[in-house]
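The values are calculated or read from the model by the stated rules, or taken from the named source; none is laboratory data. Please read these numbers as outputs of a predicted model, since none were measured by experiment. Here the Cβ positions follow ideal geometry from the backbone for every residue, glycine too, while neighbour counts run over all protein chains shown.
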């Protein structure tokens, strides 16, 4: 394994979800959480939250709408969002199908899981990640990213539609929303 792995955490993607899942299973091992636990304790305003479990969030079977699919996402994703604002966006997004009836990818699920972790440990996500995964694994160059800095060999995102076009940078608060414990 390359211990010099740098995750600029284009973090709203694969690595955020992997680390979040690991943290959730650590919480389960510590009996702070259960896979079968409904999420209504944390998110009573989310439709059917009494039927949606932690396992549903992890397996993308919650039915919670993926906020990154919203038409307006590209307009607001470049500006800082509080945890409460992101929770409101997720709640207003509603649901796409009956919980547990099928699977559909949703970034909303993992944002909600990160909020649950922050609530049960009363710590910010970055602190949980560092203290429970990065430091014990000696991953010194893995961190939650900041604004992209190409001088540090970091890369912008581009899309190709006839030619390469630089994409607007998503604000890190949208990718890894930090919600104060008293906000949930």
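Here are the numbers for this structure:
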| quantity | calculated |
| --- | --- |
| Checking residue 53 against (1) modelled with pLDDT under 85; (2) surrounded by 16 or more Cβ atoms within 10 Å (Cβ to Cβ), the condition it does not meet | (1) |
| Search result, residues across segment 93-104 that are within 17 Å of the chain's Cα centre (by Cα) and under 13 Å from residue 70 (Cβ atoms) | 93 |
| Helices (runs of 4 or more DSSP H) completely within segment 79-184 that count 3 or more residues being surrounded by 14 or more Cβ atoms within 10 Å (Cβ to Cβ) and at pLDDT 85 or above | 83-93, 107-121 |
| Residues within segment 48-66 that are more than 14 Å from the chain's Cα centre (by Cα) and not in a helix (DSSP H, G or I), tallied | 9 |
